[in-house]
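Colleague: Dropping a structure here in structure tokens format, bear with me for questions.
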Amino acid sequence: QVQLVESGGGLVQAGGSLRLSCAASVSIFEINAMGWYRQAPGKQRELVAAITSGGSTNYADSVKGRFTISRDNAKNTVYLQMDSPKPEDTAVYYCNSKRYSGTYGEYLEVWGQGTLVTVSS
């Protein structure tokens, strides 16, 4: 069972920078895709960015050009670099992993506990 631990959240000024980290308990080579989602008060959880085991990435339109997802295979860690954040980026950010299980014939999904990011104007 994969376990994910996020860190790096906090208060940041608009236009600043912040980096979130997500450490996995297994080699991320074993994980098909990892991503960052966020949930603001009163809103649904949404995808922010994702990266596959092959290194392909995709981003929500709202963060393209400002946020960057990356992975350090040696540290089993995925990062979300948040540059020029805006107040509307304020949310709880969750790390997510999807790993294919041959036993169950489906992708198993795991969530981290979430880390709060507050962007002040």
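The values are calculated or read from the model by the stated rules, or taken from the named source; none is laboratory data. Every value quoted in this text rests on a predicted model; they were computed, and no experiment measured them. Neighbour counts are summed over all protein chains in view; Cβ atoms, including those assigned to glycine, are modelled from backbone coordinates with ideal geometry. Side chains are part of the model used for accessible areas, which takes the heavy atoms of the whole protein and leaves out ligands, DNA and RNA. Shrake-Rupley method; radii C 1.70, N 1.55, O 1.52, S 1.80 Å.
Colleague: Return the residues of segment 56-72 that are among the aliphatic types (A, V, I, L, M) and farther than 20 Å from F29 by Cα; say none if nothing qualifies.
Modeller: Listed by number, the residues that qualify are A60, V63.
Colleague: If the requirement is being part of a strand (DSSP E or B), of a type outside the set (D, E, K, R) and open to solvent by 20 Å² or more (accessible area, probe 1.4 Å), which of these qualifies: V5, V12, V48?
Modeller: After ruling out the rest, the residue left standing is V5.
Colleague: Follow-up. Here are some residues: G16, G10, G35, G65. Which one is more than 17 Å from N96 (Cβ to Cβ), in contact with a Leu (Cβ under 9 Å, 6 or more places away or on another chain), modelled with pLDDT of 95 or more and not charged (D, E, K, R)?
Modeller: When all the criteria are applied, what remains is G10.
Colleague: Quick one: is N58 under 16 Å from Q3 (Cα atoms) and touching a strand residue (DSSP E or B) at 6+ places or on another chain (Cβ under 8 Å)?
Modeller: No, not satisfied.
Colleague: List every residue pair whose Cβ atoms lie under 6 Å apart, where the two residues are 6 or more positions apart in sequence or sit on different chains, the first residue falls within segment 78-95 and is closer than 15 Å to S17 by Cβ, and the second residue, located anywhere, is open to solvent by less than 40 Å² (accessible area, probe 1.4 Å) and not in a strand (DSSP E or B).
Modeller: Matching pairs, first to second residue: D83/R66; S84/R66.
Colleague: Could you please find all residues in segment 23-45 being in a helix (DSSP H, G or I), surrounded by 15 or more Cβ atoms within 10 Å (Cβ to Cβ) and not aliphatic (A, V, I, L, M)?
Modeller: none
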